[in-house]
1. Of the conditions (1) open to solvent by 50 Å² or more (accessible area, probe 1.4 Å); (2) closer than 18 Å to B:Asp202 by Cβ, B:Gln109 clears all except one; give me its number.
2. Starting from residues that are more than 27 Å from A:Ala139 (Cα to Cα) and among the β-branched types (Val, Ile, Thr), keep the ones in the stretch A:288-319 and report whichever is surrounded by the fewest Cβ atoms within 10 Å (Cβ to Cβ).
3. In the list A:Leu168, A:Leu176, A:Leu186, A:Leu194, which residue meets the criterion of being aliphatic (A, V, I, L, M) and open to solvent by 50 Å² or more (accessible area, probe 1.4 Å)?
4. From the list A:Met105, A:Met126, which one is in a loop (DSSP other than H, G, I, E, B), away from ligand 4 (no atom under 16 Å from the Cβ), modelled with pLDDT of 95 or more and open to solvent by 20 Å² or more (accessible area, probe 1.4 Å)?
5. Just to be sure, is B:Val168 outside any helix (DSSP H, G or I) and within 13 Å of chain A (Cβ to nearest Cβ)?
6. So which of A:Thr198, A:Thr212, A:Thr174, A:Thr253 ends up being polar (S, T, N, Q) and under 15 Å from the mean Cα position of the chain (by Cα)?
7. Counting only residues that are within 16 Å of ligand 4 (Cβ to nearest atom) and under 30 Å from A:Leu278 (Cβ atoms), give me the strands (runs of 3 or more DSSP E) lying completely in the stretch A:149-257 with at least 1 of them.
8. Filter the stretch B:175-210 down to the residues that are loosely packed, with under 13 Cβ neighbours inside 10 Å, away from ligand 4 (no atom under 13 Å from the Cβ) and within 14 Å of chain A (Cβ to nearest Cβ) and list them by number.
Amino acid sequence: MNQFQYVRATKPQAAIDVVAKDPTAKFIAGGTNLVDLMKRGVMTPQKLVDINRLPLNKIEAQPTGLRIGALALNSAVAGDAQVRARQPLLALALNAGASPQLRNMATVGGNMLQRVRCSYFYDLSMPCNKRQPGTGCAALEGINRMHALFGASDKCIAVHPSDMSVALVALDATVLISGPKGDRQLAFSDLHRLPGDTPERDSNLEAGELITAVDIPDNPFTRHVHYQKVRERASYAFALVSAAVALDIENNTIKAARLALGGVAHKPWRLPAAEQALVGQPATEASFRRAAEVAMQGAKAFKHNAYKLRLAPNTLVQALKTASAA
Amino acid sequence: MTTNPDLDAPANHDEARRTFLKQSSLLTALALVPGSVVTAAAEGFDERVAAAFEKIPLSLKVNGVKHKVSVEPRATLLDFLREQLHLTGTKKGCDYGQCGACTVHVDGQRVNSCLSFAVMHDGQEITTIEGLADGDRLHPMQEAFVKHDGFQCGYCTPGQIMSAVACVREGHAGSEGEIREYMSGNICRCGAYANIVAAIQDVKGGGQKV
Ligand SMILES: Cc1cc2nc3c(=O)[nH]c(=O)nc-3n(C[C@H](O)[C@H](O)[C@H](O)COP(=O)(O)OP(=O)(O)OC[C@H]3O[C@@H](n4cnc5c(N)ncnc54)[C@H](O)[C@@H]3O)c2cc1C
Ligand code: SF4
Ligand code: FES
Ligand code: FES
């Protein structure tokens, strides 16, 4: 592993100042993604700013929703009584990710900023525009069974691997950010980017910007929710495809729906048109199938991931069936 | 100088370090050297600020024993435990968070010690497999693993046991299905899973203090 300088911040502003001024500096939270990437030489920060001692791990009830600190641990959020009561979809998605040990280390901020799992991104001997801009994308003509169906570019076809983020985008979360120019907020759906011509940028954060918390507004989705994750073993594996769904059902009629897919795009993939297709419909498999068809419009497969063209809608329908029966 | 294959630093590390230092006056100039430590505190950093090659003071408790040591920033908690404290019960399987062999408890919570740096654990309390028994008396989970043949080669076992203890303490050992899900962070290449689950169920059902 490369050598680096280590500093431990006790105030957010100090952490921000260091990373804003030094493009080779990185925040480190749980370390479960960054340490992994550093061991493999994929990321080589010259300076690490340890943010674990910053007072940003609270889970607080606000008048209009929950505020979850960026340093709250994935396990703490998934086990929190308020989260389970008010945002059960988030708890389900968190518990579907990684392993109990990793969830005891991983933070909310780090989880949403974890990097892609494309094997060429990890393989220093292969071209990868995300790791080394301008070298090309090895996945385009390589093994691309894990890759995207939506929003890819010819520069990068990787998918965002976070489970938690699929729930957060469905729940209309907002990210709270502090940076060198002050504080700002970003809709969760605007945090991640499509690859376009700059796949080296995963998110819309500017240099030195620190995520401090995520806000999740109260909603009627406390009962009919489900997170369906399809993976190659029963647990402790990344999603091939996942679906986060939340329904508000009255007299078997769908009043409101929130839907998102994971494992299909460079960002957690919200499905507004499919949501619209569900509103006013009976909560039946036929409605779910039609919505899933709408959801898949514009999907484009590569050589090895065409199976996702069927897996994704089926996963969505299964999630909707489970949620509606809950 | 150790020749342990588990070390990711080569045997000639000290030499490499000297060469690098000679070449890197630039780097030392950029680094926040200890001279700036005093101002660092005022600016919102604690005193643990180090140049790339400098060792950082670290005090923590491991299995009830206090240690005041210095570590290189890039030493993982796993390597620190094995190489510096010579607590080799904690195993390195994958070194990438994928197997659970390195599971230890930090402030009572199970974590993968291969994916964090030792310096991040200043002031914390670590428990490793060596700290589980009460003198010569095995921990109930250790006894149950022996009784149920919860292993074959034994390489994953320290991690399995640390995880199993946490699994019961967390209240995630309610059923076979729940145990399997909450033990999924520990891979066993010998496939001793059925016996591991039996051992955990035995301990959970036995009502001993875990
Ligand atoms: C074997 C394995 C299996 C996994 N399986 C899954 C899975 O199934 N599903 C899943 O969703 N995830 C999975 N993960 C990924 C895991 O969830 C992430 O590694 C974890 O959530 C990252 O959080 P962290 O706090 O450890 O981040 P770190 O590694 O500390 O940081 C990650 C990145 O975020 C930046 N960062 C961290 N906090 C902030 C902040 N507050 N503001 C700005 N930047 C910040 C860091 O600079 C770094 O670039 C797996 C990981 C491993 C190793
Ligand atoms: S898909 Fe993206 S991450 Fe994978 S090789 Fe191509 S550019 Fe790199
Ligand atoms: S050695 Fe840490 S998880 Fe494998
Ligand atoms: S006993 Fe051999 S790996 Fe588990």
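1. (2)
2. A:Val294
3. Working: A:Leu168 fails: open to solvent by 50 Å² or more (accessible area, probe 1.4 Å); A:Leu176 fails: open to solvent by 50 Å² or more (accessible area, probe 1.4 Å); A:Leu186 fails: open to solvent by 50 Å² or more (accessible area, probe 1.4 Å).
Sole residue among the options that is aliphatic (A, V, I, L, M) and open to solvent by 50 Å² or more (accessible area, probe 1.4 Å): A:Leu194.
4. Working: A:Met105 fails: open to solvent by 20 Å² or more (accessible area, probe 1.4 Å).
None of the other options fit; the residue is A:Met126.
5. Details: outside any helix (DSSP H, G or I): no; within 13 Å of chain A (Cβ to nearest Cβ): yes.
Here the answer is no, as B:Val168 does not meet what is asked.
6. Details: A:Thr198 fails: under 15 Å from the mean Cα position of the chain (by Cα); A:Thr212 fails: under 15 Å from the mean Cα position of the chain (by Cα); A:Thr253 fails: under 15 Å from the mean Cα position of the chain (by Cα).
None of the others qualify; the one that does is A:Thr174.
7. Values: elements: A:174-179, A:182-187, A:210-217, A:224-230, A:241-250.
In the stretch A:149-257, no matching strands (runs of 3 or more DSSP E) lie anywhere.
8. Residue satisfying the conditions is B:Gly177 alone.
The values are calculated or read from the model by the stated rules, or taken from the named source; none is laboratory data. On a predicted model such as this, the values are computed, not experimentally measured, just so you know. Because the Cβ atoms are built from the backbone with ideal geometry, glycine has one as well, and the counts that use them run over all protein chains shown. Just so you know, the surface numbers come from the protein's heavy atoms only, side chains and all, with ligands and any DNA or RNA stripped out. Shrake-Rupley method; radii C 1.70, N 1.55, O 1.52, S 1.80 Å.
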